[in-house]
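The values are calculated or read from the model by the stated rules, or taken from the named source; none is laboratory data. All of these numbers come straight from a predicted model, not from anything done at the bench. All Cβ positions, even for glycine, are placed from backbone atoms using ideal geometry, and neighbour counts span all protein chains on display. Please note that ligands, DNA and RNA were not included when accessible areas were found on the heavy atoms of the full protein model with its side chains. Shrake-Rupley method; radii C 1.70, N 1.55, O 1.52, S 1.80 Å.
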Amino acid sequence: MSHVLEIRGVSSGYGEAIILRDVSLTIAEGEIFALLGKNGMGKSTLLKTALGFLRARSGAIHLLGQDVTGREPYKVARLSLAYSPQEGALFQELTVEENLRLVQPAGRRLQAGIERISEYFPIIRQRLDQKAGTLSGGEQKMLIISRALLVEPHLILIDEISEGLQPSVIDRLADILRRERQRTGVSILLVEQNVTFALSVADRYAILKIGEIAAAGRVTGPETAASVHAHLRI
Amino acid sequence: MAEMSVTATGSRFARNRVFWVLGLACVSLAIIGAGPFLFDTYTVNILVRSFLYAATALTVDILWGYTGILTFGQSAFFGIGAYAAALTFTHFGFSTEMALLALVAGVAVSAAVAAIVGWISFWHGASSLYVAIVTLALPIIVVQLLYTGGTFTGSSSGLVGFEAFDLSVEAWFWITGSALVVLTVGGWFLVNSDFGRVLVALRENESRCTYLGINAPRLKILLMVVAAVIAALAGYGYASYTVVVAPEIASFVFGTELVIWVALGGRGTLIGPVLGTVAIDFISAYLSGNLPYVWKLIVGIIFVVVIVALPEGFLPVITRAGRWLSGCFRHAPKIVQSGSVALSLAEPPSTVGEGAGQPAVSVKSLGKRYGSSTILDGVDFTASGSEILSIVGPNGAGKTTLMRCLSSGTERSAGTVFFYGADIGRLPPYSVTALGVGRSFQTTSLFDTLTVAECLRLARFRLQRPAFWRRDQRLVLPPAAMRVVVATALDTQLTTEARHLSHGQKRALELAMVLALEPRVLFLDEPTAGLTKQERTLIGSILVDLTRREALCVLLIEHDLEFVREISTRILVLHQGKVLLDGSVQEVVESEIVRSIYAGHVKPETGETRL
């Protein structure tokens, strides 16, 4: 099985501050991977470094079989991937449909995609002409997921998607991600605070602690949850 | 975590900067003192005018560079001051009394006009473009008035040859030069004081400021009035010195030139605009004789080149080059890291426990419509002091809109809202905050270039007025805010700028800021989103503690049902803009309808989502 994301010995940070130290991580094709950890441990920094928003001080990054180390983010984004940062992922002044059209030009494929996604989130079809900024916090998260799923990418990287979603939608989200993986073979990297949700959907996980991977492994069952919680407590 | 480690050197650095600035001021004063003996009369003559222009440019820099108020109208105030002198001296002759009268008239008229302009530009709901347009119109109006004044104002040819102060050119040079130095140093202390941080906060996120109880329109009007008075004084000096006034000095061309000089010198640096104005005016005076029309073209081209190549203006580039060369040249008045900050606890508020059992929040038939769609409809509920009322409901039910309608009187379309018996009517957010209401935001809404300590100090604005001339090294917080700050390790990052924080720490800072307001009624919109389980638990216990000990009333929007169950005294369920259920925790959690529309597979006995 080939790797869609391979991070080898990466260090990175802002200004004089080093946030990540020698982090290595791989995600296989069709795998759902959960990156866990407390606040300020470097989870979002890792995503930003992988996508070129931050330059890695050392190490190498491969995405979908290509060496993207030091590549400009807009060039990285041309690969078959979808990335949703934690803040400012949507264009607030554009409508729901326009936000979707940014990744898929108008046409039959957009219509088909909107139909498919509205099966998961009916509000997308109902609110196509509404400005994204007027959606509630949770509805905006649904739009973010929809946009990521729309173009059927090979890799999705999402930063804290469950924040602000109502419990029943979080439940549904786990089903949706698994079904999309089944259908298209997409790989997904989730950065999450909601451990219960993350472990309910992921195949493997890693815990970042002060810029280093403190623990990693396969999600097997309740014992995984117990060990993850133990790690997050200290 | 190894974040920016500036704390240790910060304080010493800040003190060094004060010495640097005062030292530089003394050197400047010495140069001005020696000026008439060093330069020829023509140079001295021109520099007096340049100094007066520079003082006006300084006010543009404080308004535009620091506070973000783009103004083209400072020329109008300069003109008002100048014409106050010229008209008085022409029509009533010159005497000490008349000089004083003209001064008072110029200051009073410009202050009144600035207050009116400020009110038009900044009233609640005005967009940030208003001020640019209004200040562009103002000089045009003033010039038209001067034109229509006939022989009284001298119309287009202005007034010439009136009698004024009997002072030598050297005396004028000393007076205007030292006034400029004093003004620049005063401006430096102002923008680097705690109050200066408030100005930056207004520029970065004015709406958040109003929810921290800061009367943003009033502060901006006040600033405009002060800037107008300084410009009028400069104009008064100009008329008295040159004994020539023409409508051009009040025109929007001059107003725009001031903006250009500020941009060329380095917006937001004070010294840049001052030196830039003096240099440009001085050189142009020399060159305009030799190259009368070409000179304007040259300035225009330089401006375009600078905007494209050096968008920050000359000064930041020069200081950066200087710093790069010497490594120790550090007096540039740029945004500074506030030094080390000492945390201390505030006295408990006098209102502690007053609200226990009283109706803290009372909402009657509240409605909100956007165009044809109804977001909230007939919402009724009350909450008493020492209660944690959680508001749950599906995404899009109107929860955040409800909080918006409660924290600002201008938001709702129907209904009434009372806090401890006080009707919020149509009060703006800062007045609602003054009633003791604190609101946190769902999407992080902070001040990017302010440090953690400065953000928290901003939240204390209402309780501890910031100083105009210095920066406080202490940060006084109430116990609840202190506990959040310490528990989330924000106390180790007090000098870190907010934009460098992780998302979770931003959320924690948001919460600490609201708690620092010492509210009696607290609105929290998903306060624990993005925080870990342990941090959530801790924040839950802080909230419970606050309601028990200080009889605070908390309204909480949360999706973490387990968290809601643990700390709430009551739960309100919103669905499609209406109150679906208002009951005890037990009633709501066991309700079949809540499970079907909202919770999904949550098991009531554990509250854990299924694995």
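List of remarks:
- About its Cα centre, region B:463-611 has a charge dipole of approximately 580 debye under the convention of +1 per Lys or Arg Cβ and -1 per Asp or Glu Cβ, with nothing else charged.
- Among beta bridges that DSSP assigns inside chain B, antiparallel share in %, nearest 5: 50
- Over chain B, dividing the summed -39,500 (n - 2.57) contributions of all DSSP H runs of at least 4 residues by the number of residues returns a 222 nm mean residue ellipticity of -17500 deg cm²/dmol.
- Per the accessible-area calculation with a 1.4 Å probe, the total area buried between chain B and chain A rounds to 2700 Å².
- Percent carbon-and-sulfur accessible area, region B:453-611, ignoring ligands, DNA and RNA, probe 1.4 Å: 52
- Shape category assigned to region B:76-153 from the gyration tensor of Cα positions, a/c cut at 1.5: oblate
- Positions from region B:523-570 whose accessible area shrinks by 30 Å² or more when the full protein complex is built, not the chain alone, probe 1.4 Å: B:Gly530, B:Thr532, B:Gln534, B:His559
- Surface accessible to a 1.4 Å probe, B:Asp560 within the full protein complex, Å²: 30
- Within the assembled protein chains, the solvent-accessible surface assigned to B:Lys533 is about 80 Å², based on a 1.4 Å probe.
- Computed from Cα positions, the angle between helix B:96-122 and the longest principal axis of chain B comes to roughly 40 degrees.
- Listed values for region A:156-166 are Karplus-derived 3J(HN,Hα) couplings in whole Hz (6.51 cos²θ - 1.76 cosθ + 1.60, θ = phi - 60°), namely 10, 10, 10, 9, 6, 7, 7, 4, x, 8, 6, and x replaces Gly and Pro.
- Shape call, region B:384-436: gyration tensor on alpha carbons, a/c limit 1.5: oblate
- Given +1 at the Cβ of Lys and Arg, -1 at the Cβ of Asp and Glu and no other charges, the dipole of the protein assembly as shown around its Cα centre is 820 debye to the nearest 20.
- Positive-pole candidate from A:Thr184, A:Phe33, A:Ser200, dipole of chain A, charges at beta carbon: A:Thr184
- In degrees, nearest ten, helix B:194-204 long axis to first principal axis of chain B (Cα): 80
- DSSP-defined antiparallel bridges as percent of all bridges, the protein assembly as shown, nearest 5: 55
- Heavy-atom accessible area ranking, 1.4 Å probe, most first, across B:Val521, B:Val317: B:Val317, B:Val521
- Gyration tensor (alpha-carbon) shape descriptor, region B:448-501, a/c threshold 1.5: oblate
- Euclidean distance between Cα centres, region B:522-562 to region A:141-178, Å: 26
- Placing A:Ser162, B:Ser127 in order of accessible area, with the largest value first and a 1.4 Å probe, yields B:Ser127, A:Ser162.
- The residues of region B:63-153 have, on average, 44 Å² of accessible surface per residue, using a 1.4 Å probe with all protein chains present.
- Fraction of antiparallel bridges per DSSP, region B:486-611 only, in percent to nearest 5: 50
- Reported value for region B:116-265: 134 Å³ per residue, from the convex hull of its C-alpha atoms.
- Given charges at beta-carbon only (K, R positive; D, E negative), |dipole| of region A:145-234 in Debye: 200
- Drop in accessible area of at least 30 Å² in the complex versus isolated chain, residues of region A:16-51, 1.4 Å probe: A:Ala17, A:Ile19, A:Asn39, A:Gly40
- Farthest positive-ward along region B:455-611 dipole, Cα basis, beta-carbon charges - from B:Ala467, B:Ile593, B:His575: B:Ala467
- The helix-based estimate of mean residue ellipticity at 222 nm for chain A, built from -39,500 (n - 2.57) per DSSP H run of four or more residues and divided by its residue count, is -11000 deg cm²/dmol to the nearest 500.
- Lysines with Cα under 27 Å of B:Lys506, excluding same-chain neighbours fewer than 8 positions away: A:Lys38, A:Lys43, A:Lys48, A:Lys131, A:Lys141, A:Lys209, B:Lys334, B:Lys399, B:Lys533
- To the nearest 10, the accessible area of B:Val259 is 20 Å² with a 1.4 Å probe.
- Put the Cα centre of region B:479-519 next to the Cα centre of region B:179-218 and the gap is 22 Å.
- Angle between chain B longest axis and helix B:41-60 axis [Cα atoms, degrees, rounded to 10]: 20
- Annotation: the protein assembly as shown has a Kirkwood hydrodynamic radius of 30.1 angstrom, from the mean reciprocal C-alpha pair distance.
- Neighbours of B:Thr56, meaning other residues whose beta-carbon lies under 12 angstrom from its beta-carbon, give a summed charge of -2 when Lys and Arg score +1 and Asp and Glu score -1.
- Among B:Thr416, B:Thr433, B:Ile80 - extreme Cα towards positive end, dipole of chain B, charges at beta-carbon: B:Thr433
- Apportionment of accessible area to carbon and sulfur, region A:131-234, percent (1.4 Å): 52
- Convex hull projection area averaged over all views, region A:120-219, Cα basis, nm²: 7.2
- With a 1.4 Å probe rolled over the protein heavy atoms of all chains, the accessible area of B:Thr153, A:Thr196 falls in the order A:Thr196, B:Thr153, largest first.
- Rg followed by Dmax, in Å, when chain B is reduced to its Cα trace: 28.9, 92
- Calculated FRET efficiency, A:Phe91 to A:Arg179, Cβ-Cβ distance, R0 = 22 Å: about 0.20 to the nearest 0.05.
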